[in-house]
Amino acid sequence: MAAGCNIGAHDIIFDLCCQRKNKIFNTLLSFWLLWALAVPAGAQVYKWVDEKGVTHYGERAPQGAKAREVEQHLANPAPAPGKATPPDWKAQELEFRRRRIESEQAESRQEQQDAANRRDCNEARDRLARLKAAHRIYRLDDKGQRVYESDDERQASVAQLEQQIAQRCR
């Protein structure tokens, strides 16, 4: 045995033997559990009516009474004729994804609309500030010559811009 090593040859052999026994034990345990679950599924169920007219069910047929075997259906029962079948999980998942995509698209459109409104609002405020700061305002006519606005026209332009700001900047 090497110095400073606490593992001997017998420990390695013992560990391998225990691992092999654990695998066998786990395999047997799995087999017995599956067998224990399968046996009750194969049990017969009998149905009979006693002399008082009460219907009974049991694993053994009673002596002296006429009993018949009941068919066992392990699958889910069929839905009632008047009820619609519930959608399966795949259809529900697709519907959920469709609604989520639609809501994300609606949010995106709303964000774009809000950004456009903010941009328009800022542009109107900038024009109003330039209009109020300027001493003389002009526009170009068809010939390209400057036509200066009167004070009344300027006040009307200021009022119009203030009205636009009131509508767009909420």
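Of note:
- 17 Å Cα-Cα reach of LYS47 towards aspartates and glutamates, excluding residues that sit fewer than 8 places from it in its own chain: GLU59, GLU69, GLU71
- A Förster distance of 35 Å, applied to the separation of the beta-carbon atoms of ALA134 and SER103, puts the FRET efficiency at 0.15.
Only the coordinates and a few stated rules stand behind these numbers; no lab work does. This one's a predicted model, so the numbers in the text were calculated from it and none came from an experiment. FYI the Cβ positions are ideal-geometry reconstructions off the backbone, even for glycines, and counts take in every protein chain you see.
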